[in-house]
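**Q** This is the structure I want to talk about, given as structure tokens.
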Amino acid sequence: MDKIRRAKLFLTSLLNIKTIPLMILGMFFVMNFAFAADGLAGLQNIFLALACDIKTLLIPIGFLLVVAAAVIYAAGQIGNAEMRGKSQGWAVWALVGAIIAFVIAMLGPSLIAAMYSTTAINFGTECGSCSLSNPTACAAMGS
């Protein structure tokens, strides 16, 4: 019983707010290897698929962060001074997250193109069939 408690405590100590996003990104990366039929030769397709999925998710997430910042700030104005201060801080961090999401969404495609020495990739139109579940469809994008 004591060993189970120690194991449970160890596993819960690994899961915190800092490690969860890295674990999710790692799971996406590992799942892409399962879908890649070419092994390491298909690594470029895996990264392009991950870039397409992140690109399609970042803009809506950034927009939702802006809306959440407005709601948090407005809700904080109802309370006392301490609540106002905390909500203002939370709203600012939500806006910072939104700005970072928009910057990554705008600069990400050019960084991926520079990493693989390919021509500029238009992630807006070419990501239609390219996704995590079908990274081989990204082969046409990378060439």
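The values are calculated or read from the model by the stated rules, or taken from the named source; none is laboratory data. Keep in mind that this is a model prediction, so the values were computed, not measured. Positions of Cβ are generated from backbone atoms using ideal geometry, with glycine treated the same way; all protein chains shown enter the neighbour counts. In case anyone asks, the SASA skips ligands and DNA or RNA and just uses the protein heavy atoms, side chains included. Shrake-Rupley method; radii C 1.70, N 1.55, O 1.52, S 1.80 Å.
**Q** When you scan the stretch 75-97, how many residues do you find that are within 30 Å of L25 (Cα to Cα) and either over 23 Å from the mean Cα position of the chain (by Cα) or part of a loop (DSSP other than H, G, I, E, B) (or both)?
**A** Residues flagged as within 30 Å of L25 (Cα to Cα) and either over 23 Å from the mean Cα position of the chain (by Cα) or part of a loop (DSSP other than H, G, I, E, B) (or both) within the stretch 75-97 amount to 3.
**Q** Shifting gears a bit: When you go through (1) under 21 Å from I104 (Cβ atoms); (2) among the β-branched types (V, I, T); (3) at pLDDT below 75 one by one for I24, which number turns out not to apply?
**A** Looking at each condition in turn, I24 falls short on (3).
**Q** Closer than 24 Å to P21 by Cβ and at pLDDT below 75: is that true of F63 in this structure?
**A** no
**Q** What's the number of the only condition in (1) within 17 Å of F28 (Cβ to Cβ); (2) at pLDDT below 90 that G124 fails to meet?
**A** Going through the list (1) within 17 Å of F28 (Cβ to Cβ); (2) at pLDDT below 90, G124 breaks only (1).
**Q** Then there is this: Can you name the number of the only condition in (1) modelled with pLDDT of 90 or more; (2) exposed (fewer than 13 other Cβ atoms within 10 Å of the Cβ) that V30 fails?
**A** Only one criterion is unmet by V30, namely (1).
**Q** Still on this structure: Of these, I72, I100, I112, which one is part of a helix (DSSP H, G or I) and touching a residue at least 60 places away in the same chain (Cβ under 8 Å)?
**A** I112
**Q** Next up: For the stretch 90-99, give me each residue that is among the hydrophobic types (A, V, I, L, M, F, W, C), open to solvent by less than 90 Å² (accessible area, probe 1.4 Å) and within 18 Å of I54 (Cβ to Cβ).
**A** Within the stretch 90-99, just A98 meets the criteria.
**Q** Being over 30 Å from F47 (Cα atoms) and aliphatic (A, V, I, L, M) is the filter here, so list the residues in the stretch 69-113 that pass it.
**A** Of everything in the stretch 69-113, those that are over 30 Å from F47 (Cα atoms) and aliphatic (A, V, I, L, M) turn out to be A69, A70, V71, I72, A74, A75, I78, A81, M83, A91, V92.
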